[in-house]
1. So if I check each of Asp272, Asp322, which one is open to solvent by 30 Å² or more (accessible area, probe 1.4 Å), more than 23 Å from Asp217 (Cβ to Cβ) and modelled with pLDDT of 85 or more?
2. Give region 8-25 a look and list any residue that's surrounded by fewer than 20 Cβ atoms within 10 Å (Cβ to Cβ), not in a loop (DSSP other than H, G, I, E, B) and not aliphatic (A, V, I, L, M), or say none.
3. Open to solvent by 50 Å² or more (accessible area, probe 1.4 Å), hydroxyl-bearing (Ser, Thr, Tyr), in contact (Cβ under 8 Å) with a residue 60 or more places away in the chain and under 21 Å from Asp217 (Cα atoms): does that describe Thr257?
4. Among the numbered criteria (1) modelled with pLDDT of 90 or more; (2) open to solvent by 50 Å² or more (accessible area, probe 1.4 Å); (3) touching a strand residue (DSSP E or B) at 6+ places or on another chain (Cβ under 7 Å), which one does Lys92 miss?
5. Please list, ordered by first then second residue, the pairs with beta carbon atoms under 7 Å, 6 or more apart or interchain, first in region 102-122 and closer than 14 Å to Asp23 by Cβ, second open to solvent by less than 70 Å² (accessible area, probe 1.4 Å) and of a type in the set (D, E, K, R).
6. If you scan region 253-281, which residues turn out to be under 19 Å from Val316 (Cα atoms), part of a helix (DSSP H, G or I) and of a type outside the set (D, E, K, R)?
7. Tell me, yes or no, whether region 228-240 has at least one residue that is of a type outside the set (Gly, Ala, Ser), under 23 Å from Arg274 (Cβ atoms), modelled with pLDDT of 80 or more and part of a loop (DSSP other than H, G, I, E, B).
8. For region 136-149, give me the residue count where each residue is over 16 Å from Pro87 (Cα atoms) and either at pLDDT 95 or above or surrounded by fewer than 20 Cβ atoms within 10 Å (Cβ to Cβ) (or both).
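The values are calculated or read from the model by the stated rules, or taken from the named source; none is laboratory data. For clarity, every value in this text was computed on a predicted model and none was experimentally measured. Here the Cβ positions follow ideal geometry from the backbone for every residue, glycine too, while neighbour counts run over all protein chains shown. Side chains are part of the model used for accessible areas, which takes the heavy atoms of the whole protein and leaves out ligands, DNA and RNA. Shrake-Rupley method; radii C 1.70, N 1.55, O 1.52, S 1.80 Å.
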Amino acid sequence: MLISKDHQVAALGLSLEESAGLDVAVDELRRALGPLDAYIATYARNGMSGPTLILGRKDPGEGKRGNPLFAIRKMDGKHFLGFTLRPERDRKVLQGHYQANEWEQVSRGRAWLLETLAGGKESFVSDMTALGSMLAADQPDFLERRVQGRSRVPTDYSASVSLDEGGEDLIRDLDELQSLPPTTTRQQLVDARLGQGKFRRDVLSLWGGRCAVTGCDIQEVVKASHVQPWACTSAPSMPGVLEPRLDANNGLPLVATLDALFDRGLMTFNDDGRVRFADSDVEEDLVNRGMVSTDMCLTRTPNAALRHYLSIHRRVVFEGWDE
């Protein structure tokens with residue numbers, strides 16, 4: 001799989017040209033240097049609004065730690081690939097490979113603009129080939145520490161998306177979105193499919209930053225769930241809504257357990273906001289386990305837009321629908 005197709009990489013907001021350049025860069029780096037791992041982490045001063053893509057060596061048991069060699073940075077609205085330049089001993093190894101005028105550009109992280117690599121990789125290939133030869137001859141320990149991974153991709157480290165039915169749907173949807181023109185709307189759709197970005201912020205804002213049922217405000221456990229399913233694009237739209245998948249009224253912030261029940265059609269809500277379970281056996285089991293209560297309801301009465309989306313959820317997703 002191309003690295004740009006990994007769902008976590010797709011969420012970084014690269015343009016089509018930058019994604020193609022990233023695929024070229026990773027292929028050439030692994031050819032010239034060795035089996036670098038690719039993972040998502042926060043790296044200081046990268047210019048990104050959050051975590052970014054790191055290339056280096058990272059074993060699955062290391063948690064947030066790893067041995068980064070390259071990171072994607074964002075400067076002046078463009079994405080660059082650059083060295084991480086830490087620790088100091090490794091910085092000196094890399095600096096010794098370059099002429100002084102070359103090192104100034106490389107050390108500032110502006111040497112390799114991703115959008116240009118797909119159509120003009122010759123200089124990058126030559127540079128990385130020479131670097132790989134130098135490291136193999138003079139710095140084998142550097143290669144062992146920073147490069148010799150297993151060509152892992154970000155999804156290999158993630159337990160949140162497995163390739164079950166839901167995971168396959170997610171990857172398919174993200175692949176389809178990457179075929180759209182590189183616009184702000186495309187990135188908003190990618191974020192919305194992942195429950196992130198503007199869609200998540202808008203949904204949480206509508207509900208005061210809390211779960212719409214429990215009132216929990218611990219952001220790490222509250223998910224922004226679509227009410228009308230992502231794949232359900234044939235349902236009638238609300239007047240004035242061009243893209244239901246970006247409409248905050250088509251979202252509910254729910255804690256993880258309720259999100260899973262809602263997403264799988266085991267639970268829904270009536271137009272007055274009262275909870276409704278797929279069948280009495282499901283309800284009894286959940287109540288007995290202390291996971292839900294029989295009198296659960298949304299913390300406020302749904303408005304007209306949410307009632308519209310809930311009616312679609314009851315028809316399309318809810319397993320106990322009998323309207």
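1. Of the residues listed, the single one that is open to solvent by 30 Å² or more (accessible area, probe 1.4 Å), more than 23 Å from Asp217 (Cβ to Cβ) and modelled with pLDDT of 85 or more is Asp272.
2. Glu17, Asp23
3. no
4. Checking Lys92 against (1) modelled with pLDDT of 90 or more; (2) open to solvent by 50 Å² or more (accessible area, probe 1.4 Å); (3) touching a strand residue (DSSP E or B) at 6+ places or on another chain (Cβ under 7 Å), the one that fails is (3).
5. Matching pairs, first to second residue: Leu114/Glu18; Glu115/Glu18; Lys121/Glu28.
6. Answer for region 253-281, where residues must be under 19 Å from Val316 (Cα atoms), part of a helix (DSSP H, G or I) and of a type outside the set (D, E, K, R): Leu258, Ala260, Leu261, Phe262.
7. yes
8. Let us first name the residues in region 136-149 that are over 16 Å from Pro87 (Cα atoms), namely 136-138, 140, 148-149.
When the remaining residues are screened for being either at pLDDT 95 or above or surrounded by fewer than 20 Cβ atoms within 10 Å (Cβ to Cβ) (or both), the result is 136-138, 140, 148.
Summing the residues that are over 16 Å from Pro87 (Cα atoms) and either at pLDDT 95 or above or surrounded by fewer than 20 Cβ atoms within 10 Å (Cβ to Cβ) (or both) in region 136-149 gives 5.
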